[in-house]
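Every read-out reported here was derived from the displayed coordinates using simple, explicitly stated rules and does not represent laboratory data. This structure is a prediction, so every number in the text was calculated from the model and none was measured. All Cβ positions, glycine included, derive from the backbone under ideal geometry; neighbour counts span all protein chains shown.
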Amino acid sequence: MKYTFRIFLTALGLMFLLSTCGDKPSASNKDEADGVAQDLHDVPHILSSQDWLIPAGATASTKETRLILNASIDANLRDQKISGLMTKEFKRAYVSDYISDTSIRMEFKKDEITGRAIVNGRPAPQPNEKGPLHRQTMMFTKSDGNWQGVIDGAEANPDQRNHIDELARQIAGFNSRVIFGRSPRKLGDTWEVDPAKLNSYAGGLEEMNGTFKVFFRSLVKHQGYDCAEILTSFNLLGRELQGKEMQLIGKSIMLQSLDYQIPLRMEMKGEIMMSNPVMNGLGDMRTKGPIELIRETTFVLP
C-alpha cells in the first residue's frame, strides 16, 4: 500500500498547486460581506501583480487540511488482483514571519498524515506518519527575482526539497499570476485559463488540457480585510509519456486580499480519476475518489 499512497501524493501535489469548493462561502464570510466599501464594488482590481505588498514585520499563520475519503483502488500486478478503499488525511500548520520583502522565516508546527485502508476486504493498518516538514524551520530568500528556501541549520533531503520548492512557488504567487492574470478584473468578470499554462509548475505532467474557468463573484470582508471572492471550476486531463493519465474535476472558492494580494481562505472539493502502469509495465492501477482541501491563513500586520 505504500506505493499506492506515493502515487496519490503525486496526484495531490497537482491538485493543490492548481487550487487557488463549494458553491457559496461559509456563513461567516457571508456575514462580513456588507462591510466592504461601496466604491470598491465599482472599480476594477488587480488581483495579482509583480509588486510585493506585504510589509516587513507581518505574520501569517496557516492551517491546512487535505482529505481523500474512501477512494477506490483497483490494481492488477502480474497475476495478483488488488481492490479496496483508502482514506488519507493531511494536516499542516505553519507560521510565516515576513522579515523583509526578500526574506521570510517559515516554521512548521505540524505536518502529519493519518489514514486507513481496506484491501481485498480486509483492514490494512496504516501507521500515522510525520510529513517531511514536521517541526522544521525554513528560510526563504528572493534573489534575481526568484524565491528559494533552505532548512535552517540542515540540508534538505529530496522529499523535503520537493515540498520546499512547492512552498517557494506559492510565495512567488505562480498560481495567482496564471489564474488571475495581471490585468484589472471587475466584479462579475469571468474568464478561462489555458490548462497548458498550468502545466509548467503543477505536477510536472508532460501534457494537460481541459477547461479551467474563473468567476469574480463578489467582495467580502474576511478577518477585517477587503477580499475578492473568486470561484473556479475545472475539468483537467493530464498525461505523461510513460502512460499515466489523470483527470481532475472540481470547484474551488478563494478569498484573495485586495490590499496584500494573498489568499486568506481557500476551499476546494473535487474528484480524481487516475490510471497508470506500475512495475515497469507489468501491472496497472486505477484510482478514483473525492478530494477536499481547506486552507485558512490568519494575517496580522506589524
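Look at where the Cα atoms of the stretch 114-188 and of the stretch 234-280 average out, and the two centres are 14 Å apart.
Look at the dipole of the chain built from charges on Cβ: of Leu241, Ile272, Asn128, the Cα furthest out on the positive end belongs to Asn128. Taking the Cα centre of the stretch 146-193 as reference, the dipole from Cβ charges on Lys and Arg (+1) and Asp and Glu (-1) amounts to some 400 debye. Residues of the stretch 254-280 with an amide N closer than 16 Å to a point placed 7 Å from the Cα of Ser72 along the Cα-to-Cβ direction: 271-276.
Calculated FRET efficiency, Asp51 to Glu155, Cβ-Cβ distance, R0 = 30 Å: about 0.35 to the nearest 0.05. In this structure, Ser83 and Gln247 have a Cβ-Cβ separation that, at R0 = 22 Å, corresponds to a calculated FRET efficiency of about 0.65. For the stretch 72-225, what relative contact order do you get, as a whole percent, if you take Cα pairs closer than 8 Å and at least 6 residues apart? Answer for the stretch 72-225 is 13 percent. The modelled label-to-label distance between Arg135 and Arg105, using points 7 Å beyond Cα along the C-beta direction, is 1.9 nm.
Roughly how big is the stretch 62-200's charge dipole about its Cα centre, with Cβ charges of +1 (Lys, Arg) and -1 (Asp, Glu), in debye to the nearest 20?
380 debye
Note on the chain: with charges restricted to the Cβ of Lys and Arg (+1) and Asp and Glu (-1), its dipole about the Cα centre is near 920 debye. Measuring r between the beta carbons of Arg177 and Leu301 and using R0 = 25 Å, the FRET efficiency lands at 0.60.
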